[in-house]
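First comes the structure, then the notes that go with it.
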Amino acid sequence: MSGSSAAGEDIVQHLSSNSNPSSSKLAKLEARMAGKAAPVPSPPPPHHLVVPSAPATTFMDQEELPESSSSDDDNGEEFLIQKNILKRPRSPDGDHGLAVGNFEGSANEAVKHSEVMDTRPSIDISNRKKQGRGRGRGGAGRGRGSKTVDQTRATSTSSAVVANGRHDILTNMESRSSAVLGNDDKAALQEELSLLRGKVAILEEELSKSRQESTEYRQLSDRLAKELKDLKEQDQQKKSKQLKVLSDLLIAVSKAERQEARIRIKQESFRLGNVGVMRAGTVISETWEDGQAIKDLNSHLKSLLETKETIERHRKSLKKRQSDKGDGSDAETSMSEEDVLLQDEICKSRLTSIKREEEQYLRERDRYELEKGRLIREMKRLRDEDGSRFNNFQILHNRYALLNLLGKGGFSEVYKAFDLVEYKYVACKLHGLNAQWSEEKKQSYIRHAIREYNIHKTLVHPNIVRLWDIFEIDHNTFCTVLEYCSGKDLDAVLKATPILPEKEARIIIVQIFQGLVYLNKRTQKIIHYDLKPGNVLFDEVGVAKVTDFGLSKIVEDDVGSQGMELTSQGAGTYWYLPPECFDLSKTPFISSKVDVWSAGVMFYQMLFGRRPFGHDQTQERILREDTIINARRVEFPSKPAVSNEAKELIRRCLTYNQAERPDVLTIAQEPYLSYAKR
Ligand SMILES: Nc1ncnc2c1ncn2[C@@H]1O[C@H](COP(=O)(O)OP(=O)(O)OP(=O)(O)O)[C@@H](O)[C@H]1O
């Protein structure tokens, strides 16, 4: 064995002992170059390097091969290349294959060697390719024209890591191989090495470019993330600014409305009257003091009455004179018969005109009374608003901007509010629990309200006020959010105009019945149980809507034809409840017929300006005197004139006997309750 051959063996030994598989490949390459390659006249042709049919071998197999077997050299090369192919499947687009094919001669050889030396970098290549794809079609943007360069780079990339870690080995290899190889081989190898170096340099450059690119991308991504965050913040700020502007506007409008309402009250108080304070010893009470217009009107009426009395007296004296003349007792003061008749005619005519004047003043007084009623309600509203703890334009639940008080009920205050999320007006009903109440009573009230909410929230119909939301404000207060109805309620309408023309009354009752039909066509039927003018609201176009389901009852599925037991009587308003609800001798059975009765009472009230039973009575008196229990027959006043169909509908609704009274779905069939053309 020649010295150079021995040196080759040493190198093989040295390189084979390196656990790095690439080093082992290099060692084998080195070995081939040092000695075993000597008998091979020239590098094997490229197609010898790849033997597709070679049996697949694991990397361990390769490690276990005899290190210096002379037959190993070529086989080893084949084996290694085969191994490499298995480890790094070529990409389907054949880029890599092309990369190999694009090098010719020694370059080709060099590529093969580079493949032989490296398995791990192949994984780097595929990763890089993936990254390249990940960056989008940008890679293609560099141009298909540069494909060869790209491919070279791709191939070179596989050597990058090798280059980093094994530059010394290559240098070593170069010096040793120069010692053992012939001039041709040496030149070829040197060419090969310089090519590899070139590629290493390209790869290094590529790597640094990639690093730079990656830094740039990271910076870009950071910048974009920051920009996005800024935009979001700006958007948020813009939204809060918009909301601030909006709520400021709403508040300004509401404040102006409050001021206007107070000025109007002052003016009207002067005209119609005001609440005064009266002291009786230590007791201070409030009394109503009429305003100037009512005082003037009353004094006109008083003076007319006085004039009337004077005329009546004068007529009496005329009659007396006539009779005195007849019996001859006072001949001097006697008047001719004609004079007496004339005087009497004058008095009668004057009395007639006084009566006319009086009637006019009385009509005016009635109007004042209505205005006075409205003024008193408005005064009460303003006083309630001033005393309310929610009068300072709070935003509830981060969403509802409270504006002005609409009114106050038994345990609740209703505010007009603006929904800052849905951008619409709503009515916020604030249910206040009395702090003095026992915990048990509070819980019962809350249960009651939640029950109402659960019933009401499922109701979606144009003639039923929508319930949008419910939330707690504090331990003693919660809020329900309702559809806002900007018109008055029917109670206020009837206070302002006690008698409605039949046409108007009909359209209202038809809508109420449509709401009731909806309640009775659901799988879970509902009895409202508290239908009264105060619970019928109007929206801005005049659509009537039923509200307040606080006393309503859900009709159980298995209820018989006679209705369901009224377990909790509740406190409906007695003028509007049917006789069966007053029967204390047994637990009443109720059905939708309760609502039919209430609707009949309301319709009567709209047409005739008074309720059919117990109109002038208090709730307490109605109970005491069994007014409704005795309401067997409804009577109609002669005025105003009302159609027979309307009267017939009322009669049917107010059928005393519950069994004979039609239910909601039956009475809704009445032609009078439908506008459909027949
Ligand atoms: N959805 C609404 N839209 C507009 N105004 C409303 C709405 N709900 C109630 N109101 C008004 O608020 C006022 C108070 O209503 P609320 O229902 O609390 O009182 P009530 O029915 O008179 O009392 P209670 O519920 O104790 O019987 C009434 O004048 C009513 O017209």
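The values are calculated or read from the model by the stated rules, or taken from the named source; none is laboratory data. All of these numbers come straight from a predicted model, not from anything done at the bench. Here the Cβ positions follow ideal geometry from the backbone for every residue, glycine too, while neighbour counts run over all protein chains shown.
Taking (1) out of contact with any strand residue (DSSP E or B) (no Cβ under 7 Å at 6 or more places or on another chain); (2) outside any helix (DSSP H, G or I); (3) not aliphatic (A, V, I, L, M) in turn, T587 satisfies each apart from (1). The residues listed here are C479, C485; of these, the one that is within 15 Å of the ligand (Cβ to nearest atom), assigned to a loop (DSSP other than H, G, I, E, B) and surrounded by 15 or more Cβ atoms within 10 Å (Cβ to Cβ) is C485.
On inspection, E213 fails the criterion of being among the charged types (D, E, K, R), part of a helix (DSSP H, G or I), outside the structural domain of R374 (by the TED database) and under 35 Å from the mean Cα position of the chain (by Cα).
Considered as a group, the residues in segment 404-449 that are within 22 Å of the chain's Cα centre (by Cα) and away from the ligand (no atom under 16 Å from the Cβ) include one that is nearest to S388 (Cα to Cα), and that residue is L420. Selection over segment 533-571 of residues that are over 19 Å from Y453 (Cβ atoms), modelled with pLDDT under 80 and either within 11 Å of the ligand (Cβ to nearest atom) or hydrophobic (A, V, I, L, M, F, W, C) (or both) gives a count of 4.
Say whether the condition of being within 14 Å of the ligand (Cβ to nearest atom) and either surrounded by 17 or more Cβ atoms within 10 Å (Cβ to Cβ) or in the same structural domain as Y518 (by the TED database) (or both) is met by at least one residue in segment 392-399. Reasoning before the result, please.
Within segment 392-399, the first condition is being within 14 Å of the ligand (Cβ to nearest atom), and the residues that meet it are none.
No, segment 392-399 has no match at all.
Among the numbered conditions (1) closer than 25 Å to H397 by Cβ; (2) away from the ligand (no atom under 11 Å from the Cβ); (3) in contact with a helix residue (DSSP H, G or I) (Cβ under 7 Å, 6 or more places away or on another chain), the only one that F471 does not meet is (3). Do we have any residue at all in segment 495-510 that's of a type outside the set (A, V, I, L, M) and closer than 15 Å to D548 by Cβ? No, every residue in segment 495-510 fails to be of a type outside the set (A, V, I, L, M) and closer than 15 Å to D548 by Cβ.
Taking each residue of segment 447-463 that is surrounded by fewer than 19 Cβ atoms within 10 Å (Cβ to Cβ) and looking for partners that are part of a helix (DSSP H, G or I) and among the hydroxyl-bearing types (S, T, Y) with beta-carbon atoms closer than 6 Å, six or more apart or interchain, yields H461/Y518. Based on this model, can you work out whether E357 counts as away from the ligand (no atom under 16 Å from the Cβ), modelled with pLDDT of 95 or more and over 24 Å from W288 (Cβ atoms)? When the stated conditions are applied, E357 passes them.
Restricted to segment 488-506, and to residues there that are surrounded by fewer than 20 Cβ atoms within 10 Å (Cβ to Cβ), of a type outside the set (S, T, Y) and more than 16 Å from the ligand (Cβ to nearest atom), the residue that is nearest to H456 (Cα to Cα) is E504. Can you say whether T618 is of a type in the set (S, T, N, Q) and either within 27 Å of V517 (Cα to Cα) or in contact with a Pro (Cβ under 8 Å, 6 or more places away or on another chain) (or both), as far as the supplied structure shows? No; evaluated as a whole, the condition is false for this residue.
Has segment 646-653 got at least one residue that is surrounded by fewer than 18 Cβ atoms within 10 Å (Cβ to Cβ), part of a loop (DSSP other than H, G, I, E, B), in the same structural domain as I526 (by the TED database) and touching a residue at least 24 places away in the same chain (Cβ under 8 Å)? No: segment 646-653 contains no residue that is surrounded by fewer than 18 Cβ atoms within 10 Å (Cβ to Cβ), part of a loop (DSSP other than H, G, I, E, B), in the same structural domain as I526 (by the TED database) and touching a residue at least 24 places away in the same chain (Cβ under 8 Å).
Out of N463, N454, I need the residue that is modelled with pLDDT under 95 and more than 11 Å from the ligand (Cβ to nearest atom). Which one? It would help to see each step written out before you state the result.
Working: N463 fails: modelled with pLDDT under 95.
The conditions single out N454.
Determine whether I470 is touching a Phe, Trp or Tyr at 6+ places or on another chain (Cβ under 6 Å), surrounded by 18 or more Cβ atoms within 10 Å (Cβ to Cβ), more than 27 Å from V642 (Cβ to Cβ) and modelled with pLDDT under 95. Spelling it out, I470 is indeed touching a Phe, Trp or Tyr at 6+ places or on another chain (Cβ under 6 Å), surrounded by 18 or more Cβ atoms within 10 Å (Cβ to Cβ), more than 27 Å from V642 (Cβ to Cβ) and modelled with pLDDT under 95.
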